[in-house]
Amino acid sequence: MKKKFILFFKNISESTSACLFLMLQGNLLVITLGHWVVALQTSIFAGVLATSYLFIFTPKNYWQSAIMLGVITGFVDYFVHEGLFSEKFLEAVLTGLGATILSLLITRLIRFYKALRLEVKSKATETS
């Protein structure tokens, strides 16, 4: 259960970050409660769909899960709110791409941290 909750929270946080950043066009100083509401609507729907998908179809590697999160985030973003760019689908595609990139980066950082922690533990046991 804990692993499911962590995966759900990870999917939501990646979708929210990508949606907020693109909605504000990179200027995080103008963030409002309305921006948070729209970003959270998008990310909760995307998080539920992506987490459900990942439990039904187990991905073979983290690339597949990151790409699926991006596709689902872009799809949900298209239907949740109006885009800021001239074409509505452009923001949705960019939001999905941003969620994919964030997912890949966060997954790699977590793996790097775990490997580093294991290396430090193994060196500590060797010196003891």
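Taking the condition farther than 13 Å from residue 16 by Cα, surrounded by 16 or more Cβ atoms within 10 Å (Cβ to Cβ) and at pLDDT below 90, does residue 62 pass? The answer is no for residue 62. Residue 77 fulfils the conditions (1) in a helix (DSSP H, G or I); (2) free of Cβ contacts under 8 Å to residues at least 12 places away in the same chain; (3) acidic (Asp, Glu) except for a single criterion, (2).
Candidates are the residues of the range 69-94 that are under 10 Å from the mean Cα position of the chain (by Cα) and of a type outside the set (Gly, Ala, Ser); the one that is farthest from residue 25 (Cα to Cα) is 69. In the range 83-100, of all residues being assigned to a helix (DSSP H, G or I) and touching a residue at least 24 places away in the same chain (Cβ under 8 Å), the one that is farthest from residue 61 (Cα to Cα) corresponds to 91. Between 112, 57, the distinction of being exposed (fewer than 13 other Cβ atoms within 10 Å of the Cβ) and closer than 18 Å to residue 4 by Cα belongs to 57 only. Name the residue that is nearest to the chain's Cα centre (by Cα), counting only residues in the range 6-35 that are part of a helix (DSSP H, G or I) and exposed (fewer than 13 other Cβ atoms within 10 Å of the Cβ). Step by step, filter the range 6-35, then rank; the result is 9.
The values are calculated or read from the model by the stated rules, or taken from the named source; none is laboratory data. These figures come from a predicted structure and were not determined experimentally. Note that each Cβ is placed from the backbone with ideal geometry, even for glycine, and that neighbours are counted across all protein chains shown.
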